[in-house]
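One structure is given below, encoded as structure tokens.
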Ligand SMILES: [Zn+2]
């Protein structure tokens, strides 16, 4: 595993950041595809560029954290427990990318007319998400996805849910 190689001095920090960043980007790609598939997305929408931008941006946002992690691991100041909780955080950071893929998948088979943001609205809900609770968006005005860095202060712990109003392509033609 990358972190133990780094710890044993077999990997320099920048190589660690590059490899871990690439691994993250790959898992974001998988998450996007899973979301797209779960929305029964098909090939009628060319989302190649959007998929690339979304997964690269998601990986890019983690880069500074990876750099910090690499330095801490190399310095031996990260316990196994801390490391494993950090890796869990990375694993959970695929969620907003899954959501992005899901949105694309829906858009490929019809038209998304409304997206309503639902937050838990309890004491643990972050301010930005609380402010979006019950707000109505379109795919063009949606500020981002639940748990996205810079969108939600809770990051991977975000419990927000998006509710899509969706007209499948067949019904659009019939209407
Ligand atoms: Zn949130």
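In this structure, does residue 105 turn out to be more than 12 Å from the ligand (Cβ to nearest atom) and either more than 20 Å from residue 34 (Cα to Cα) or in a helix (DSSP H, G or I) (or both)? When the stated conditions are applied, residue 105 passes them.
Hey, can you tell me all the residues within region 136-157 that are over 14 Å from residue 97 (Cβ atoms), more than 8 Å from the ligand (Cβ to nearest atom), surrounded by 15 or more Cβ atoms within 10 Å (Cβ to Cβ) and touching a residue at least 24 places away in the same chain (Cβ under 8 Å)? Of everything in region 136-157, those that are over 14 Å from residue 97 (Cβ atoms), more than 8 Å from the ligand (Cβ to nearest atom), surrounded by 15 or more Cβ atoms within 10 Å (Cβ to Cβ) and touching a residue at least 24 places away in the same chain (Cβ under 8 Å) turn out to be 139, 142. Within the option set 52, 71, 75, 59, being away from the ligand (no atom under 16 Å from the Cβ) and buried (at least 17 other Cβ atoms within 10 Å of the Cβ) holds for one residue only, 59.
If you check 108, 85 for being modelled with pLDDT under 95, out of contact with any helix residue (DSSP H, G or I) (no Cβ under 6 Å at 6 or more places or on another chain) and surrounded by 15 or more Cβ atoms within 10 Å (Cβ to Cβ), only one passes: 108. In the condition set (1) more than 16 Å from the ligand (Cβ to nearest atom); (2) over 18 Å from residue 50 (Cβ atoms); (3) at pLDDT 90 or above, residue 133 is compliant with all but (1).
The values are calculated or read from the model by the stated rules, or taken from the named source; none is laboratory data. Remember, predicted model here, so these are calculated numbers, not experimental data. We place every Cβ from the backbone using ideal geometry, glycine too, and count neighbours over all the protein chains shown.
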